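A short worksheet on the structure shown next.
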Amino acid sequence: MKKSASKSTLAVHAGTRGDTLYGGRVTPVYPAAAYDYEQEVRYPRYFNTPNLMAVAAKMAALENGEGALVFSTGMAAIMTSLFAMVKTGDHVVLQQDLYGGTHHAVVNEFHRFGILYTLVDASDPKNFEKAITKNTRVIYIETPSNPLLKITDIAAVARIASQHKLVSMIDNTFASPVNQNPIDLGIDVVLHSGTKYIGGHGDLMCGVAVSSKEIISQIKGSAMHFGGTPDAHTCSLIERSLKTIVVRVKQQNENAMTLAKFLSSDSRIHRVYYPGLKSHPGHAIAKKQMTGGFGGMVSFEVKKNPDRFLDKLKIIQRAVSLGGVDSTICSSVRTSHAKLTPAERKKAGISDNLLRFSVGIEDAEDLIKDIQQALL
Ligand SMILES: *Cc1c(COP(=O)(O)O)cnc(C)c1O
């Protein structure tokens, strides 16, 4: 499958391995952990078994990268890629608004290995440049961010990284490969929690790293030691999920925009955060870099009684995680930001009434009606 094909076509066809024995049209499941070594030493943890390679090829095609590695979780992809780039004494600049798991991992793991880091306010790309030291190796961003959907200027950060010969990495989970392709904007490594939009049904876990051949081979060197590989059955499910990612995410984009507009117009809602709204401070940059759409995540603050509101919802399910075909919603105070003190939450802009809504592919009118009855 040529890279010049459109994304919808690549999503369906790229990477398919076919069935040379029977002519079946999908990649068969090859569960073997033990392979004959006469031609090549194959082993799932070496990332060179057929189902892993099929998913990697599809993801590389969707993100316009030269290569990809598929991991067992998003955190395996993120931490393996970061650790593959640094050694004791090195320094990493990361944006302050990070997925809770990444933030926790950086704060709790890096210092034990003598890896230094600085967290910066990403609203101005110059803050990344100011934090660079002579030992800096990596700049790491995440946009749209969780849960306030803040937008970081990807091209500007990639330019700074390249001027200083640093590796730039992005967590592209919230946008999905349908809406945003950071490699086209100069980023070196694109990371995903595939548990979200890539799996898309809330029923599997995986992670992905996409990059150049050279960087992928460097990450693979560490990944073979850390061992975060998914098995063939999960890879087969991921491959099937990816065939529908474009139609799923397009529907989620459209629903999220409709819902964000509805929420903005309702007097019982205090504030809405959605990069697709003109009122969002990152809208202009989002429009430039989110070429496929503004995504399926909408955060908002109800004026009162968030717990009662969540209890009353019927279609929209109260749950952590995101990106599935079914709409889910969670309170940030009760989940990702539960361990912060009220003062820390205030500083991070997380109100007690903030809800993070992962919009699914249901009928948008049904979702609006569900919210309306829960607000009564
Ligand atoms: C969920 C998530 C992760 C972690 O992925 P897992 O698959 O849970 O390990 C990382 N980044 C973002 C933005 C996420 O939403």
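Worth a mention:
- Evaluated with a Cβ-only charge set (Lys, Arg +1; Asp, Glu -1), the chain carries a dipole of roughly 700 debye about its Cα centre, given to the nearest 20.
- All Cα-Cα separations within segment 329-376 were binned at 5 Å from zero, giving a P(r) of 5, 19, 22, 18, 13, 13, 9, 2, each value a whole percent of the pairs.
- Comparing Ser358, Ser267, Ser176 in a Gaussian network model of the chain (Cα springs below 10 Å), the most mobile by mean-square fluctuation is Ser267.
- Phi angles of segment 64-69 translate, via the Karplus equation with coefficients 6.51, -1.76, 1.60 and θ = phi - 60°, into HN-Hα couplings of 6, x, 7, x, 8, 10 Hz per residue; Gly and Pro are given as x.
- GNM result for the chain, Cα springs below 10 Å: residue of His280, His225, His233 fluctuating most strongly: His225
- Candidates Ile350, Ile154, Ile187: whichever shows maximal mean-square fluctuation once the chain is modelled as a Gaussian network with Cα springs under 10 Å: Ile350
- Compactness relative to 2.2 N^0.38 Å, alpha carbon Rg of segment 282-376: 1.16
- Using distinct alpha-carbon pairs, which all enter the 1/r mean, Kirkwood radius of segment 6-124 in Å: 17.3 Å
- Packing-based ranking, highest mean first, of 309-316, 168-175 given that Cβ atoms within 10 Å are counted: 168-175, 309-316
- Highest-first arrangement of 30-37, 326-333, where packing means the average Cβ count within 10 Å: 326-333, 30-37
- With the charge dipole of segment 7-242 set up from +1 on Lys and Arg Cβ and -1 on Asp and Glu Cβ about the Cα centre, the Cα lying farthest toward the positive end among the listed residues Ile154, Ile139, Ala11 is that of Ile139.
- Stokes-Einstein diffusion of segment 7-242 at 37 °C, 0.692 mPa s viscosity, Kirkwood radius from Cα pairs, rounded to a whole number: 182 µm²/s.
- Counting DSSP beta bridges with both ends in the chain, the antiparallel % (nearest 5): 55 percent
- Dipole moment magnitude, nearest 20 debye, segment 231-376 about Cα centre, only Lys, Arg, Asp, Glu C-beta charged: 560 debye
- Mean accessible surface per residue for the chain, computed with a 1.4 Å probe while every protein chain stays in place, in Å²: 45 Å²
- Amide H contacts for Val302 (H built 1.01 Å from N in the peptide plane; partners 5 or more residues away or on another chain; cut-off under 5 Å): His270, Leu355.
- Applying the criteria of a DSSP loop state and at most 15 other Cβ atoms within 10 Å to the trypsin sites (Lys or Arg not before Pro) of segment 338-376 yields Lys339.
- Carbon/sulfur fraction of accessible area - the chain, other protein chains in place, 1.4 Å, %: 53 percent
- Per-selection metrics, segment 31-71 (Cα): Rg and Dmax in Å: 11.3, 34
- The length gained on full extension between Thr9 and Lys134, counted as 0.36 nm times the residue separation minus their Cα-Cα distance, comes to 40.6 nm.
- 10 Å Cβ shell holding at most 12 others, DSSP loop, GluC sites (Glu not before Pro): longest site-free stretch of the chain: 41-376
- Estimated 222 nm signal from helices in the chain, with DSSP H stretches of n ≥ 4 weighted -39500 (n - 2.57), rounded to 500: -11000 deg cm²/dmol
The values are calculated or read from the model by the stated rules, or taken from the named source; none is laboratory data. Predicted, not measured: the structure shown is a model, and the values here were computed from it. Note that each Cβ is placed from the backbone with ideal geometry, even for glycine, and that neighbours are counted across all protein chains shown. All accessible areas refer to the heavy atoms of the entire protein, side chains included, with ligands and DNA or RNA removed. Shrake-Rupley method; radii C 1.70, N 1.55, O 1.52, S 1.80 Å.
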